[in-house]
1. Output the residues belonging to segment 14-26 that are modelled with pLDDT of 80 or more and under 23 Å from Gln176 (Cα atoms).
2. Among Phe48, Phe64, which is the only one that is of a type in the set (Phe, Trp, Tyr) and either open to solvent by 60 Å² or more (accessible area, probe 1.4 Å) or more than 19 Å from Asn164 (Cα to Cα) (or both)?
3. Looking at Asp81, Asp120, which one is among the acidic types (Asp, Glu), farther than 21 Å from Asp27 by Cα and open to solvent by 60 Å² or more (accessible area, probe 1.4 Å)?
4. Counting only residues that are closer than 30 Å to Lys147 by Cβ, give me the strands (runs of 3 or more DSSP E) lying completely in segment 1-77 with at least 3 of them.
5. Among the residues of segment 119-178, write down those that are assigned to a loop (DSSP other than H, G, I, E, B), without any contact (Cβ under 8 Å) to a residue 60 or more places away in the chain and among the aliphatic types (A, V, I, L, M).
6. Could you please find all residues in segment 130-154 being charged (D, E, K, R) and in contact with a strand residue (DSSP E or B) (Cβ under 6 Å, 6 or more places away or on another chain)?
7. Under the condition of being of a type in the set (Ser, Thr, Tyr) and in contact (Cβ under 8 Å) with a residue 12 or more places away in the chain, which residue from segment 7-41 is surrounded by the most Cβ atoms within 10 Å (Cβ to Cβ)?
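The values are calculated or read from the model by the stated rules, or taken from the named source; none is laboratory data. In this text, all values refer to a predicted model and were calculated from it rather than measured experimentally. Backbone-built Cβ (ideal geometry, glycine too); neighbour counts: all protein chains shown. Surface areas here come from the heavy atoms of the whole protein model, side chains and all, with no ligands, DNA or RNA. Shrake-Rupley method; radii C 1.70, N 1.55, O 1.52, S 1.80 Å.
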Amino acid sequence: VTPFSSISVYEGMVAAFGAKKVTLLTDDMLYEDIVPQMVNPKSGKAGFAGSYIKGHDPLGTVVFEEDAERLTFAWKYGSPDSSLLNDHFAAYWTTSFTPKKSGTVRFVISGDDGYRILIDGKQICGHWGNHSLSTRSAFFDMEAGRKYDIKVEYYENVGEATLNFTAGMLSEQKLQKM
């Protein structure tokens, strides 16, 4: 019997063509992070306006509000605030983005449990249900100079609570440097 080992596609390409001919492209190499350009509608500063709710319904009664520069939360088996239980809470964050140039934006969101992204009130991406950590992404074409309202909704059922949201615009400059 001849032993074998698994290798990735990248490792196979490097073995076949050499490391100097193969470049693994990552999101950082292709997309410009646009989250710092998003504007909190309440403060006018960069970031998101957040509202937290008891229960699963993101349209329920707001218990507390808290701004965030980024949506990167790992509450684990806890909650964002002592006014909420460790399980059975919801939240939503609002922001706006006005692109300086037209292009396609890639949104990536992951969470445990339900989450969704809405742009101008229409859902573009999500996994609304009770589940362990999962990730979804969507591409959305945006027009230069037009303001887009973005809302991220989330709820925690039981167990671990986590949410991560990123957004990036394909960067022609980064592509040209390759």
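1. Within segment 14-26, Val14, Phe17, Gly18 qualify.
2. Phe64
3. Going through Asp81, Asp120 in turn, just one is among the acidic types (Asp, Glu), farther than 21 Å from Asp27 by Cα and open to solvent by 60 Å² or more (accessible area, probe 1.4 Å): Asp120.
4. Qualifying strands (runs of 3 or more DSSP E): 31-33, 48-54, 62-68.
5. Passing the criteria: Leu133, Ala144.
6. Within segment 130-154, Arg136, Asp141, Lys147, Asp149, Lys151, Glu153 meet the criteria.
7. Per the criteria, the residue is Tyr31.
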